[in-house]
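Novice: For reference, the structure I am asking about is given below.
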Amino acid sequence: MAINVLVVDDSQVMRTMVIRTLKLSGLDIGELHEARHGVEALQVLKDHWVNLAIIDINMPVMSGEELLQRMRSDVLDAGLPVIVVSTEGSQTRIDRIRQLGADFLQKPFQPEALRDLIVSKVGPR
Amino acid sequence: VNPAVSAELHRAALLTFEQLGFMSPEDPHDGSQDNPLELSAQVRFQGPFSGELHLHAFGKITGELTANMLGTIEPPSIRQRCDAFAEAANVVCGNMLPGIAGTDAVFDLEAPQISAKLPIMPEPPALSIGLHFDEGHVVVELFLNEKGCLSCN
């Protein structure tokens, strides 16, 4: 089954870069959705079936950490696999993200590292 | 400033341009310092110490950086170049801070500000490093709000 992915980042160039990495990963990627911040992401999650969310942390309107907290408190999205891709370097914050059930990948990332994390979250496709 | 801090800033900038922009630095050559300013990005940060990281691009850096990030040969728009350059500044800053302050330190980074002019600062930077590329060069400057906070080992 193809993976429907939501990419959340306030940088359009970064969203494009992540999507390009997904398309070149060899994984069976289905629908691709984009959001510029947490509020837009929550709307996408209401409107579409998503199997994986790849989210940034530092974003306007609603940060990635708040988005993650809201997802975990929502029955429908509580178990959604999430990979946080961010410049964040604080282990304290990274631990907090992991406690919310998300994996973490620091920018800049190697395409293979993102692919391996996706496989670990949703299995090989 | 402790030389290890300078090395950390250089490492973060190198990592960013190599892995985010797929750009390899080279040795400076005659005239390579004469490139005009393209864009400047400023990232303010607050935490155990506070300040600003400035990233300045000279020559034709941002077009190459953006095209490589997008994986296209089409000339990117100015909006895309500003977006990509802001992201690069953010990544340099985000990678430099834990290298200097340790991974237990928590910093808040503001959204990068982009300008086409060099910002006027009241004090010279605590630290400045440069990287040279085929397309021009970049200068990374670190401004600290508290004097002497990175001077000890």
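Novice: Do we have B:Glu8 as within 19 Å of B:Pro125 (Cα to Cα) and outside any loop (DSSP other than H, G, I, E, B) here?
Specialist: On the way: within 19 Å of B:Pro125 (Cα to Cα): yes; outside any loop (DSSP other than H, G, I, E, B): yes.
Yes; evaluated as a whole, the condition is true for this residue.
Novice: Follow-up question, since we're still on this one. For region A:58-85, what are the residues that are within 15 Å of B:Asn95 (Cα to Cα) and modelled with pLDDT of 95 or more? Please lay out each step first, then the result.
Specialist: Within region A:58-85, the first condition is being within 15 Å of B:Asn95 (Cα to Cα), and the residues that meet it are A:58, A:85.
If the condition is that a residue be within 15 Å of B:Asn95 (Cα to Cα) and modelled with pLDDT of 95 or more, then A:Val85 is the only one that fits.
Novice: Which residues, counting only those in region A:54-73, are farther than 11 Å from A:Asp9 by Cβ and touching a helix residue (DSSP H, G or I) at 6+ places or on another chain (Cβ under 8 Å)? Talk me through it step by step, then tell me what you get.
Specialist: Kept after step one, since they are farther than 11 Å from A:Asp9 by Cβ, are these residues of region A:54-73: A:60-63, A:65-73.
Once the filter is applied, which keeps residues that are farther than 11 Å from A:Asp9 by Cβ and touching a helix residue (DSSP H, G or I) at 6+ places or on another chain (Cβ under 8 Å), region A:54-73 yields A:Val61, A:Met62, A:Ser63, A:Glu65, A:Glu66, A:Leu67, A:Leu68, A:Arg70, A:Met71.
Novice: Can you tell me which residues in region A:58-82 are hydroxyl-bearing (Ser, Thr, Tyr) and either surrounded by 15 or more Cβ atoms within 10 Å (Cβ to Cβ) or touching a residue at least 60 places away in the same chain (Cβ under 8 Å) (or both)? Give the derivation first.
Specialist: Applying the first criterion (hydroxyl-bearing (Ser, Thr, Tyr)) to region A:58-82 yields A:63, A:73.
Once the filter is applied, which keeps residues that are hydroxyl-bearing (Ser, Thr, Tyr) and either surrounded by 15 or more Cβ atoms within 10 Å (Cβ to Cβ) or touching a residue at least 60 places away in the same chain (Cβ under 8 Å) (or both), region A:58-82 yields only A:Ser63.
Matching residues to (1) at negative phi; (2) crowded, with 22+ Cβ neighbours inside 10 Å; (3) away from chain A (no Cβ under 14 Å); (4) not in a helix (DSSP H, G or I):
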position: B:Leu55; (1), (2), (3), (4): yes, yes, no, yes
position: B:Leu65; (1), (2), (3), (4): yes, yes, no, no
position: B:Ile73; (1), (2), (3), (4): yes, no, no, yes
position: B:Glu87; (1), (2), (3), (4): yes, yes, no, no
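Novice: Continuing with this model, one more query. Conditions: (1) part of a helix (DSSP H, G or I); (2) buried (at least 22 other Cβ atoms within 10 Å of the Cβ). B:Cys82 meets all but one. Number of the miss?
Specialist: Going through the list (1) part of a helix (DSSP H, G or I); (2) buried (at least 22 other Cβ atoms within 10 Å of the Cβ), B:Cys82 breaks only (2).
Novice: Going through B:Gly94, B:Gly47, B:Gly102 one at a time, which residue ends up being closer than 20 Å to A:Ile57 by Cβ, small (Gly, Ala, Ser) and loosely packed, with under 14 Cβ neighbours inside 10 Å? Explain how you work it out, then say what you get.
Specialist: Values: B:Gly94 fails: loosely packed, with under 14 Cβ neighbours inside 10 Å; B:Gly47 fails: loosely packed, with under 14 Cβ neighbours inside 10 Å.
On inspection, the qualifying residue turns out to be B:Gly102.
Novice: Could I ask something else about it? Just to be sure, is B:Asp104 acidic (Asp, Glu) and in contact (Cβ under 8 Å) with a residue 12 or more places away in the chain? Before you say what the answer is, go through the steps one by one.
Specialist: Details: acidic (Asp, Glu): yes; in contact (Cβ under 8 Å) with a residue 12 or more places away in the chain: no.
It is false that B:Asp104 is acidic (Asp, Glu) and in contact (Cβ under 8 Å) with a residue 12 or more places away in the chain.
Novice: When the residues of region A:1-57 are narrowed to those that are under 30 Å from B:Thr62 (Cα atoms), touching a residue at least 40 places away in the same chain (Cβ under 8 Å) and not aliphatic (A, V, I, L, M), which ends up farthest from the other protein chains (Cβ to nearest Cβ)?
Specialist: So the residue we want is A:Gly26.
Novice: Right, next: Scan region B:105-133 for residues that are surrounded by 14 or more Cβ atoms within 10 Å (Cβ to Cβ) and over 15 Å from the mean Cα position of the chain (by Cα) and jot them down.
Specialist: Within region B:105-133, B:Ala105, B:Val106, B:Phe107 qualify.
One line per residue, one yes/no per condition, for (1) modelled with pLDDT of 95 or more; (2) over 22 Å from A:Gly64 (Cβ atoms); (3) of a type in the set (Lys, Arg):
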{"residue": "B:Met23", "(1), (2), (3)": "yes, yes, no"}
{"residue": "B:Ala41", "(1), (2), (3)": "yes, no, no"}
{"residue": "B:Ile73", "(1), (2), (3)": "no, yes, no"}
{"residue": "B:Gly102", "(1), (2), (3)": "no, yes, no"}
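Novice: Do the conditions hold for A:Leu117, that is, is it part of a helix (DSSP H, G or I), within 15 Å of the chain's Cα centre (by Cα), in contact (Cβ under 8 Å) with a residue 12 or more places away in the chain and more than 16 Å from A:Ser11 (Cβ to Cβ)? Can you show your working first?
Specialist: Working: part of a helix (DSSP H, G or I): yes; within 15 Å of the chain's Cα centre (by Cα): yes; in contact (Cβ under 8 Å) with a residue 12 or more places away in the chain: yes; more than 16 Å from A:Ser11 (Cβ to Cβ): yes.
The answer is yes for A:Leu117.
Novice: Can you tell me which residues in region B:51-83 are charged (D, E, K, R) and either over 18 Å from the mean Cα position of the chain (by Cα) or over 11 Å from B:Gly21 (Cβ atoms) (or both)? I'd like the intermediate steps shown before the answer.
Specialist: First pass over region B:51-83, keeping only residues charged (D, E, K, R): B:52, B:60, B:64, B:74, B:79, B:81, B:83.
Correct list: B:Glu52, B:Lys60, B:Glu74, B:Arg79, B:Arg81, B:Asp83.
Novice: Return yes or no: is A:Ser90 away from chain B (no Cβ under 14 Å), over 14 Å from the mean Cα position of the chain (by Cα) and among the polar types (S, T, N, Q)?
Specialist: Details: away from chain B (no Cβ under 14 Å): no; over 14 Å from the mean Cα position of the chain (by Cα): yes; among the polar types (S, T, N, Q): yes.
Judged against the criteria, A:Ser90 is not a match.
Novice: Could I ask something else about it? Please specify each residue of region B:21-44 satisfying the condition of being crowded, with 16+ Cβ neighbours inside 10 Å and touching a helix residue (DSSP H, G or I) at 6+ places or on another chain (Cβ under 6 Å).
Specialist: Of the residues in region B:21-44, the ones crowded, with 16+ Cβ neighbours inside 10 Å are B:21, B:23, B:25, B:32, B:35, B:38-44.
Those that are crowded, with 16+ Cβ neighbours inside 10 Å and touching a helix residue (DSSP H, G or I) at 6+ places or on another chain (Cβ under 6 Å): B:Gly21, B:Met23, B:Glu38, B:Leu39, B:Ala41, B:Val43.
The values are calculated or read from the model by the stated rules, or taken from the named source; none is laboratory data. A quick note: this is a predicted structure, and the numbers were derived from the prediction, not measured. Ideal geometry is used to build each Cβ from the backbone, glycine not excepted, and the neighbour counts take in all protein chains shown.
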